[in-house]
Amino acid sequence: MKIPVANICVGPVSKEDVMRAMAPLILQEKAAKEEFAVILAFDVKIMADAQEFADTNGIKVMTANIIYHLFDQFTEHVNMVKEKRKKEHLKLAIWPCVLRPVAFFNKKDPIIMGVDVIEGVLKIGTPLCVPEKDRLRIGVVESIERDHKPLQAARILDGSVAIRVRGDDSILAGRHFELSNKLYSFLTFDSCQVLNQYFADELTAEDAALLKKLKKLYGIF
């Protein structure tokens, strides 16, 4: 990991040093650069008023007598901030997927059906639509099961899975859409932004390619 450095000082860490470290929180949206509002203090003392000011203003002060330990602390901090952001935005992230229905077990809300994932990844909370039927919104995936065991997500290699979809009780499987109709995750501009900003490291090359294809399908630019 490359560590972006804004300033270098020698000697004890002072309150003025902490004020300079606040730049990422002042100049940027706080959530965007929180991980960089950090002072890395190598083998130096932290003045009492500096520590107090840092604690009050959300500045992380890391200290160590071994430089590699300092690097490890910073890496752990950055990863923790990223994971916190992911949790905060998890419900807004919609992953790209394409499904092929193979059987209808309950044709009205909640619709229960067997599907094959033919592209991307299906996750709980994914809203589904039928592009061939004027993007008919059929509901949101509430559960995924394989061999009567719950799954949080499914890909091609998982084979056929059973899903429960909660949505509009006026939509009937077999009438408003058929087994021959592919189901797609319904993406929005905001969901694509969240996925690219906070979950890009979890997207495979195939996921990214599918995301691009679905954005074009939905007219998201």
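The values are calculated or read from the model by the stated rules, or taken from the named source; none is laboratory data. Note that this is a predicted model, so its numbers are computed, not measured. Quick reminder, even Gly has a Cβ in these numbers, built from the backbone with ideal geometry, and neighbours come from all protein chains shown. What goes into the accessible areas is simple: the full protein's heavy atoms, side chains included, and nothing from ligands, DNA or RNA. Shrake-Rupley method; radii C 1.70, N 1.55, O 1.52, S 1.80 Å.
Would you mind finding the one in His69, His77 that is open to solvent by less than 40 Å² (accessible area, probe 1.4 Å) and either in contact (Cβ under 8 Å) with a residue 40 or more places away in the chain or part of a helix (DSSP H, G or I) (or both)?
Exactly one of His69, His77 is open to solvent by less than 40 Å² (accessible area, probe 1.4 Å) and either in contact (Cβ under 8 Å) with a residue 40 or more places away in the chain or part of a helix (DSSP H, G or I) (or both), namely His77.
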Of the residues Ile112, Ile124, Ile163, which single one is among the β-branched types (Val, Ile, Thr) and without any contact (Cβ under 8 Å) to a residue 40 or more places away in the chain?
-> Ile124
Give the residue, chosen from Leu40, Leu90, that is open to solvent by 60 Å² or more (accessible area, probe 1.4 Å), modelled with pLDDT of 90 or more and closer than 30 Å to Phe199 by Cβ.
-> Leu40
Mind checking which residues of segment 18-35 are modelled with pLDDT of 70 or more and either open to solvent by 70 Å² or more (accessible area, probe 1.4 Å) or more than 15 Å from Thr56 (Cβ to Cβ) (or both)?
-> Met19, Arg20, Lys33, Glu34, Glu35
Quick one: count up the residues across segment 175-200 that are more than 16 Å from the chain's Cα centre (by Cα) and open to solvent by less than 30 Å² (accessible area, probe 1.4 Å).
-> 3
Scope segment 84-99; condition in a helix (DSSP H, G or I) and within 9 Å of the chain's Cα centre (by Cα); matching residues | Arg85, Lys86, Lys87, Glu88, His89, Leu90, Lys91, Leu92
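Determine, yes or no, whether Val130 is surrounded by 15 or more Cβ atoms within 10 Å (Cβ to Cβ), more than 16 Å from Leu92 (Cβ to Cβ), of a type in the set (A, V, I, L, M, F, W, C) and more than 17 Å from the chain's Cα centre (by Cα).
yes
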